[in-house]
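Down below is the structure, laid out as C-alpha cells.
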Protein chains: 2
Amino acid sequence: MDFSTVHCSIARTFAVLSDPWSALIVRDLAVGIHRFDELVGDLGISRKILTARLATLLEHEIVERQPYQQNPPRYDYVLTEQGRELMPILYAAMSWGDRWRDGNAGPPALLRHRDHTAAAVVVCSECGEPMTLDDTVGQHGPGGRRARGTGLIGSHLHGPVPG
Amino acid sequence: MDFSTVHCSIARTFAVLSDPWSALIVRDLAVGIHRFDELVGDLGISRKILTARLATLLEHEIVERQPYQQNPPRYDYVLTEQGRELMPILYAAMSWGDRWRDGNAGPPALLRHRDHTAAAVVVCSECGEPMTLDDTVGQHGPGGRRARGTGLIGSHLHGPVPG
C-alpha cells in the first residue's frame, strides 16, 4: 500500500512518518545527530534498516545529504524545510507521550521554547483555542476522492461536497 | 524493537501510531466509522491486518470494544480518552500534509473547529506562540536514560542532567 497516493493528508504525512524508526531519525537529525554511525549508536538500529529508512526519507525530500568528506564519500544527513516542519507534529506526539506514557519516572526529556519549559498544544489557526475531537469535525475538501483509504469516509464528513 | 520501552515520549507515542494503518484506523473511529466491516470498506485493508492493528490498539488502550450484538458477538470499536487525545496529533499531521502534499487538487478534507474552517498549529503551552525547530530545544528530563533509542541523544540535550 502506497499511503502517499491516498486522498487524505493524514495518510500522506504518515507515508513519511511511516514507522517509529522514521520518527526517531527525524528527532535525531533535529537535535544535531547527523551522521550514519551516530544514528546507529543512538538508536541501536541495524545498518540495513537505517539505510532503508534514510533512503525513503531522502526520496520524500524530508532529508538531504551534505558531503563532509570526499574519499571515501561521507555525508551528513540534515532535515529539509519540509522535514523541519515535521517537528511540531513530533512535539505534539512527545507531549501526548509525557501525559499518557511517562512510566512513573517523569518525562524523559522536556521541551524548552525560547525561555520557558513548555508542553506542545495543538490549536486552531483562526481562534487560537485547542482543537479537540469534541469541537472539531472534518469537512469535504476539493481534493477528496472515494478510493482506497477513503472508501466510506466521505459520508461521515460535513459540509457541501465540492462540485 | 518494542518502542514503548524506549526512554523517549516520541518513541512511546509512535509505538501506538506505529504505521499509517494505525493512524487511519484512529482517524476513522474519530469520524464515526466504528465497525469492522466498515473499516475494511473504508480503508481497503485486509481483514487479517485490521484484526492485528485493532488488537494492538486495544492492548495499548487506545481503542475499546462495545458489544452491539450478542449472537454472534459483534462489537463497535471506539476511541478511549487517550485515543481521543491522539486526534490533535493527527490534525497537525493533516495540516502538514495539506501544506506539503496537496497534489494540486487542494486539500482532500478541511478541518472545521467550532464555526470556522481552520488549520492546526502546534503552539507553546506557556506563551501561545508556534513551537518550531528554530526556537525549541530538548532538555534533560527526570525520566531520561541512556539506552537503546537514546544512546547518544543525552549529549545533545540542554540544561542540567537530573540528579
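FYI, it's all coordinate maths here, none of it is from the lab. All figures in this text were calculated on a predicted structure; none of them were measured in a lab. Cβ placement follows ideal geometry from the backbone for every residue including glycine, while neighbour counts extend to all protein chains displayed.
What the phi angles of the stretch A:41-53 give under the Karplus curve with 6.51, -1.76 and 1.60, with θ = phi - 60°, is a coupling list of x, 6, 8, x, 8, 5, 4, 5, 5, 4, 4, 5, 5 Hz, glycine and proline written as x.
Against chain A, whose longest principal axis comes from its Cα atoms, helix A:20-31 is set at around 60 degrees. In terms of overall dimensions, the C-alpha atoms belonging to the protein assembly as shown reach 60, 44, 41 Å along their principal axes, ordered largest to smallest.
A viscosity of 1.567 mPa s and a temperature of 4 °C, combined with the Kirkwood radius over Cα pairs in Stokes-Einstein, give a translational diffusion coefficient for the stretch B:51-99 of 105 µm²/s.
Over the stretch A:91-163, what is the relative contact order in percent, taking alpha-carbon pairs closer than 8 angstrom and at least six residues apart? Taking the mean separation of contacting Cα pairs over the length of the stretch A:91-163, I get 21 percent. Database remark: amide H of A:Leu133 closer than 5 angstrom to no amide H (H placed geometrically; neighbours at sequence offset of 5 or more, or on other chains; Pro and chain starts carry no H). Sorted fewest first by neighbouring Cβ atoms within 10 angstrom, B:Glu126, A:Glu59 come out as A:Glu59, B:Glu126.
Annotation: the residues B:Cys127, A:Cys124, B:Cys8, sorted from fewest to most other C-beta atoms within 10 Å of their own C-beta, follow the order B:Cys127, A:Cys124, B:Cys8.
Dipole orientation for the stretch A:2-96: of the candidates A:Leu24, A:Leu79, A:Phe14, A:Leu24 has the Cα lying most toward the positive pole (charges on Cβ; Lys, Arg +1; Asp, Glu -1). Fully extending the segment from A:Arg99 to A:Arg148, taken as 0.36 nm per residue of separation minus the present Cα-Cα distance, adds 14.3 nm. Counting Cβ atoms of other protein chains within 10 Å of each residue's Cβ and taking the mean over peptide A:128-135 gives 6. Only bridges with both residues in the protein assembly as shown count here: give the DSSP antiparallel percent, nearest 5. Here the antiparallel bridges make up roughly 95 percent for the protein assembly as shown.
Could you work out how far helix A:87-100 tilts from the main Cα principal axis of chain A, as a 0 to 90 degree angle to the nearest 10? With rounding to tens, the tilt is 80 degrees.
With neighbours defined as other Cβ atoms within 10 Å of a residue's Cβ, the residues A:Val122, A:Val78 order from fewest to most as A:Val78, A:Val122.
Once you have a ≥ b ≥ c as the square roots of the Cα gyration tensor eigenvalues for the stretch A:46-163, tell me rounded if a/c is under 1.5, and otherwise prolate or oblate according to whether a/b is larger than b/c. In terms of gyration-tensor shape, oblate. Farthest toward the positive end of the dipole of the protein assembly as shown, out of A:Thr56, B:Pro142, A:Gly128, is the Cα of A:Thr56, where the dipole comes from beta carbon charges about the Cα centre. Using Cβ point charges alone (K and R +1, D and E -1), the dipole size of the stretch B:40-84 about the Cα centre works out to roughly 240 debye.
Taking each DSSP H run with n ≥ 4 as -39500 (n - 2.57) and averaging over every residue of chain B yields -10000 deg cm²/dmol at 222 nm. Summary for B:Ser155: label point 7 Å along Cα→Cβ; distances to the equivalent points in the other copies, ascending, 5.8 nm. Taking square-rooted eigenvalues a ≥ b ≥ c of the alpha carbon gyration tensor, is the stretch A:96-156 rounded, prolate or oblate, where a/c under 1.5 means rounded and, failing that, a/b exceeding b/c means prolate? In terms of gyration-tensor shape, prolate. What relative contact order, as a whole-number percentage, does chain A give when Cα pairs under 8 Å and 6 or more residues apart are counted? Answer for chain A is 19 percent. Between this copy and the others, label points of B:Val78 are 5.0 nm apart in ascending order, each placed 7 angstrom from Cα in the Cβ direction. Residue by residue along B:21-33, Cβ atoms of other protein chains within 10 Å of the local Cβ number 5 on average.
Given labels modelled 7 Å from the Cα in the Cβ direction, how far is it in nm from A:Glu81 to B:Arg114? Spacing of the two 7 Å Cα→Cβ label points: 3.2 nm.
Charged side chains reduced to their Cβ positions (Lys and Arg at +1, Asp and Glu at -1) give the protein assembly as shown a dipole of some 900 debye around its Cα centre. Pairwise Cα distances in the stretch B:1-90 exceed 18 Å for 42 percent of all pairs. Comment: the Cα-to-Cβ extended label point of A:Glu64, at 7 Å, lies 4.9 nm from its counterparts in the other copies, nearest first.
Distant-in-sequence amide contacts of B:Glu126, defined by a placed amide H-H separation under 5 Å and a gap of 5 or more residues or a different chain, comprise A:Ala119.
Using C-alpha pairs below 8 Å separated by at least 6 residues, the relative contact order for the stretch A:1-54 is 20 percent.
Model label sites at A:Asp2 and A:Ser125, defined 7 Å from Cα along the beta-carbon direction, differ in position by 2.8 nm.
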